[in-house]
Amino acid sequence: MATVRARHLPGAFPYLPGQSGYNKRLRAALPVLKRAIRVLARDTDLWHDTTWIVDSTPVECARSRPTVKRSELAGWAAYGYCASHSRYFWGLRLHLICTPAGLPVAWALANPKLDERQILTAILDHDPHLLTERPGLLIIGDKGYVSHHLDTYLAERGVRLLRPSYRNRTPRPDEALLKPVRQLIESVNDTLKGQLDLELHGGRTIEGVGARIAQRLLALTAAIWRNRATGQPIARSLIAYDH
């Protein structure tokens, strides 16, 4: 189809890149994609939400042993374990901070062997203004974020972390809120994987995977932005855009 268009409409299609050219341009567009995600997110009323949800989810990059051995992702990607699906995978983990409505606030791709708590502090150190703009911020996470050091780090910045208590501690009263809120982040991950094909990215390099994950997050952000702007009842609904 593209060849036909270029042949019959040379003025509109003076040059069409091949696959290698497209991949090169996509990798170079990663900073632009990140910028677009932030611009659209800041243009919604959800951006100033004082409640965040944090979680990580696998981003598989290979399955066969030969592919793992020759992949350019070796040294960045690694074997990890997904407790939610009781499976091992080779790839990365997407660490996502979002609002309860699913609006991406910040994200990072990291080796699955790295500690979730370290990644969270690294994300917040990279964008310190995210915390200063939201006094009284509440971050909700799962048991992977249980850490006295993390509690202290966030408390020093005026942030409260709601997560399961230590096993030898009496559960706090507000822990009853964890289960329904945790379902929100799981539904966001399901949207990314089920409708936006997060794990079918096709990236083979660090820049390629980053750009393709950014594409999915930009699509999610754009849908939420449009749904809020047009008064749709469900901010994260992609039903109108999945055909």
Taking interchain pairs and intrachain pairs at least six residues apart, which have beta carbon atoms under 6 angstrom, with the first residue in region 213-239 and under 11 Å from LEU103 (Cβ atoms) and the second outside any loop (DSSP other than H, G, I, E, B) and charged (D, E, K, R)?
ALA235/ARG228
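Of all the residues that make up region 187-209, how many are free of Cβ contacts under 8 Å to residues at least 12 places away in the same chain and either under 23 Å from CYS98 (Cα atoms) or touching a strand residue (DSSP E or B) at 6+ places or on another chain (Cβ under 9 Å) (or both)? Break it down into steps so the answer makes sense when it comes.
Kept after step one, since they are free of Cβ contacts under 8 Å to residues at least 12 places away in the same chain, are these residues of region 187-209: 190, 194, 200, 202.
Those still in the list that are either under 23 Å from CYS98 (Cα atoms) or touching a strand residue (DSSP E or B) at 6+ places or on another chain (Cβ under 9 Å) (or both) too: 190, 194, 200.
Of the residues in that region, 3 qualify.
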Within region 108-150, the count of residues that are without any contact (Cβ under 8 Å) to a residue 24 or more places away in the chain, acidic (Asp, Glu) and in contact with a Pro (Cβ under 9 Å, 6 or more places away or on another chain) comes to 0
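This table checks each residue for (1) at pLDDT 85 or above; (2) not hydrophobic (A, V, I, L, M, F, W, C).
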site: PRO171; (1), (2): no, yes
site: VAL181; (1), (2): no, no
site: LEU198; (1), (2): yes, no
site: GLY208; (1), (2): yes, yes
site: ASP242; (1), (2): no, yes
Unmet requirement for SER84, which otherwise passes all of (1) within 30 Å of LEU137 (Cα to Cα); (2) modelled with pLDDT of 80 or more; (3) among the polar types (S, T, N, Q)
(2)
Residues that are of a type outside the set (Gly, Ala, Ser) and surrounded by 17 or more Cβ atoms within 10 Å (Cβ to Cβ), at least 1 per element: which strands (runs of 3 or more DSSP E) completely within region 77-151 meet that?
87-98, 104-110, 138-140
Mind checking which residues of region 60-76 are surrounded by fewer than 17 Cβ atoms within 10 Å (Cβ to Cβ) and in contact with a Ser or Thr (Cβ under 7 Å, 6 or more places away or on another chain)?
GLU72
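The values are calculated or read from the model by the stated rules, or taken from the named source; none is laboratory data. Here the structure is a predicted model, which means the values were calculated and not measured. Heads up, the Cβs are rebuilt from the backbone with ideal geometry, glycines too, and the neighbour counts pull from every protein chain shown.
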